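To start, the structure itself, in structure tokens.
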Amino acid sequence: MTTALSVNLNKVALIRNTRHLGIPSVTRAAILCLTAGAHGITIHPRPDARHIRSSDAYELDQLLKQWPDREFNIEGNPFHNLMEFVEKIKPHQVTFVPDGQDQFTSDHGWQFPDDANRLIPLIAQAKFFGSRVSLFMDADPSAMKWAKQVGADRVELYTEPYAQAHGTSQQSQVLRQFADAALAAQEQGLEVNAGHDLNLLNLKDFLTAVVGVKEVSIGHALISDALEMGYQKIIQSYLDCIPAS
């Protein structure tokens with residue numbers, strides 16, 4: 001199968017939240033993305049609700065029930081507000097991200113063995129509710145055995161270092177690190193996702209070099225591009241970056 005494209009709608013919610021008019025609609029954006037061929041929707045509701053709100057999560061849950069062949073991925077810190085959504089919504093996938101409540105954006109993966117013991121019961125709980133569990137991880141091949149040991153189903157490779165290296169003399173070296181991390185995860189029986197600062201310029205190179213990526217979650221760049229190109233055209237442009245199986 002080709003890599004799935006999941007669209008992160010946080011930035012749509014961020015724009016909406018600057019006024020009290022309810023526009024742009026997060027749900028409408030999801031419909032447009034799904035209609036255009038996106039394989040899923042991602043949200044990252046934070047405790048301060050600075051973009052995605054609880055109401056968005058529940059409305060999108062109802063919407064995705066009308067698209068049984070698409071997936072709903074909810075990201076967040078399981079030690080903040082994430083587990084409430086996991087229990088009530090039971091999304092297809094939940095991605096555990098170690099972001100702080102006042103953090104501007106996610107900027108690192110889980111640290112092992114330090115985070116292992118406290119993650120184990122929450123991963124088990126999410127799986128009990130029926131969700132696949134993915135851990136947000138740096139591209140460190142040696143850490144993948146820990147992701148497996150704590151019970152994760154997938155890892156999401158944090159790709160900002162790759163995005164920063166893309167187009168520089170460091171690109172090949174950094175890509176090799178990501179490819180090695182993905183291979184190490186797969187050797188442990190884990191599936192591999194990727195996300196953070198992937199865009200139309202760097203996505204194809206990443207997926208060509210890093211074999212077997214199941215899903216990419218893209219928000220900031222995709223929504224920014226959609227402002228200029230529209231959802232239909234931009235979703236197709238991102239799908240064109242995904243190599244055929």
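The values are calculated or read from the model by the stated rules, or taken from the named source; none is laboratory data. Model, not experiment: these values are computed from the prediction. Glycine gets a Cβ as well: all are built from the backbone with ideal geometry, and neighbour counts include every protein chain shown.
If we keep just the residues of the stretch 144-188 that are farther than 12 Å from VAL211 by Cα and of a type in the set (Asp, Glu), which is surrounded by the most Cβ atoms within 10 Å (Cβ to Cβ)?
Taking the stretch 144-188 and keeping what is farther than 12 Å from VAL211 by Cα, we get 144-174, 177, 187-188.
So of that shortlist, the ones also of a type in the set (Asp, Glu) come out as 153, 156, 160, 187.
Details: ASP153: 19, GLU156: 29, GLU160: 16, GLU187: 12.
If we take residues in the stretch 144-188 being farther than 12 Å from VAL211 by Cα and of a type in the set (Asp, Glu), then GLU156 is surrounded by the most Cβ atoms within 10 Å (Cβ to Cβ).
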### Message
If a residue must be in a helix (DSSP H, G or I), buried (at least 19 other Cβ atoms within 10 Å of the Cβ) and in contact (Cβ under 8 Å) with a residue 24 or more places away in the chain, how many such residues does the stretch 216-232 contain?
### Response
5
### Query
Identify, please: which residue in the stretch 26-42 is among the hydroxyl-bearing types (Ser, Thr, Tyr) and over 19 Å from HIS220 (Cβ atoms) and is, among those, surrounded by the fewest Cβ atoms within 10 Å (Cβ to Cβ)?
THR35
### Task
Kindly indicate whether LEU21 is surrounded by 21 or more Cβ atoms within 10 Å (Cβ to Cβ) and out of contact with any Ser or Thr (no Cβ under 6 Å at 6 or more places or on another chain).
no
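Residue-by-condition table, conditions (1) closer than 24 Å to LEU5 by Cα; (2) modelled with pLDDT under 95; (3) in contact with a strand residue (DSSP E or B) (Cβ under 7 Å, 6 or more places away or on another chain):
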residue: PRO24; (1), (2), (3): yes, yes, no
residue: THR27; (1), (2), (3): yes, no, no
residue: ALA30; (1), (2), (3): yes, no, yes
residue: THR35; (1), (2), (3): yes, no, no
residue: THR42; (1), (2), (3): yes, no, yes
residue: TYR58; (1), (2), (3): yes, no, no
residue: LYS65; (1), (2), (3): yes, no, no
residue: ASN73; (1), (2), (3): yes, no, yes
residue: THR105; (1), (2), (3): yes, yes, no
### Query
List pairs: first in the stretch 168-186 and charged (D, E, K, R), second not in a helix (DSSP H, G or I), Cβ under 8 Å, 6+ apart or cross-chain?
ASP180/ALA139
### Query
Is it the case that the stretch 113-136 has a residue that's of a type in the set (S, T, N, Q), assigned to a loop (DSSP other than H, G, I, E, B) and surrounded by fewer than 19 Cβ atoms within 10 Å (Cβ to Cβ)?
no
### Query
Can ILE235 be described as touching a Leu at 6+ places or on another chain (Cβ under 9 Å), within 30 Å of ALA13 (Cβ to Cβ) and part of a loop (DSSP other than H, G, I, E, B)?
no
